[in-house]
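Trainee: Mind having a look at this structure? Questions to follow.
The values are calculated or read from the model by the stated rules, or taken from the named source; none is laboratory data. Predicted model, so just to flag it, every value in this text is computed and none were measured. Positions of Cβ are backbone-derived with ideal geometry, glycine not excepted, and every protein chain shown enters the neighbour counts.
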Amino acid sequence: MSTDLTADSFEQAIVADGIVLVDFWAAWCGPCRSFAPVFEAAAEQHPDIAFAKVDTEAEQALSGGLGIRSIPTLMAFRDGILLHAQAGALPAPALEQLISAVRGVDMDDVRRQVAAEEAGGAG
């Protein structure tokens, strides 16, 4: 089952070790309503992954600060690093492919890339 995130709980949730998938949605959004059961089914199939939802109507400042322009938007974080952000409802097979891809990422390589970008931007 997924967890609801707010501006107060978002940062703590995404910096946790492991994979966190966040669905940005709104009650009035048809594609969001069609994606919700796909997201919840994946949450049941992958208990080792944190699945979370952000109601963009209730959390407008958070959504705006993250650059959410259309919904649903799915973000995938691993060990506190954003690896994927895409708008649009995914069918179940595409969500499974995304989960597999995020699981397969070489996080040591990603950390080196992030460190290089931060070092390059500091000067």
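Yes/no matrix, rows are residues, columns are (1) at pLDDT 95 or above; (2) touching a Ser or Thr at 6+ places or on another chain (Cβ under 6 Å):
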{"site": "VAL20", "(1), (2)": "yes, no"}
{"site": "PHE24", "(1), (2)": "yes, yes"}
{"site": "SER34", "(1), (2)": "yes, no"}
{"site": "MET107", "(1), (2)": "no, no"}
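Trainee: Can you pull out every residue in the stretch 4-34 that is among the acidic types (Asp, Glu) and assigned to a helix (DSSP H, G or I)?
Mentor: Of everything in the stretch 4-34, those that are among the acidic types (Asp, Glu) and assigned to a helix (DSSP H, G or I) turn out to be ASP8, GLU11.
Trainee: Hey, among SER70, SER63, which residue is among the hydroxyl-bearing types (Ser, Thr, Tyr) and surrounded by fewer than 19 Cβ atoms within 10 Å (Cβ to Cβ)?
Mentor: Going through SER70, SER63 in turn, just one is among the hydroxyl-bearing types (Ser, Thr, Tyr) and surrounded by fewer than 19 Cβ atoms within 10 Å (Cβ to Cβ): SER70.
Trainee: If you go through the stretch 85-101 one residue at a time, do you hit one that is part of a strand (DSSP E or B) and surrounded by 14 or more Cβ atoms within 10 Å (Cβ to Cβ)?
Mentor: Looking through the stretch 85-101, at least one residue is part of a strand (DSSP E or B) and surrounded by 14 or more Cβ atoms within 10 Å (Cβ to Cβ).
Trainee: It is to be established whether one or more residues within the stretch 25-41 are within 28 Å of GLN113 (Cα to Cα) and surrounded by fewer than 20 Cβ atoms within 10 Å (Cβ to Cβ).
Mentor: Looking for residues that are within 28 Å of GLN113 (Cα to Cα) and surrounded by fewer than 20 Cβ atoms within 10 Å (Cβ to Cβ), one finds none in the stretch 25-41, hence no.
Trainee: So ALA58 clears everything in (1) small (Gly, Ala, Ser); (2) modelled with pLDDT under 95; (3) more than 28 Å from GLN113 (Cβ to Cβ) except one condition, right? Which one?
Mentor: (2)
Trainee: Here's a follow-up. Which pairs do you get when a residue that is under 11 Å from PHE24 (Cα atoms), found in the stretch 48-69, comes within reach of a residue that is aromatic (Phe, Trp, Tyr) and in a helix (DSSP H, G or I), reach meaning Cβ atoms under 9 angstrom, with the pair 6+ apart or on two chains?
Mentor: Within 9 Å, the pairs are ALA52/PHE10; LYS53/PHE39; VAL54/PHE10; GLU59/PHE10; LEU62/PHE10; LEU66/PHE10.
Trainee: Inside the stretch 35-80, can you point out the residues that are outside any strand (DSSP E or B) and among the basic types (Lys, Arg)?
Mentor: ARG69
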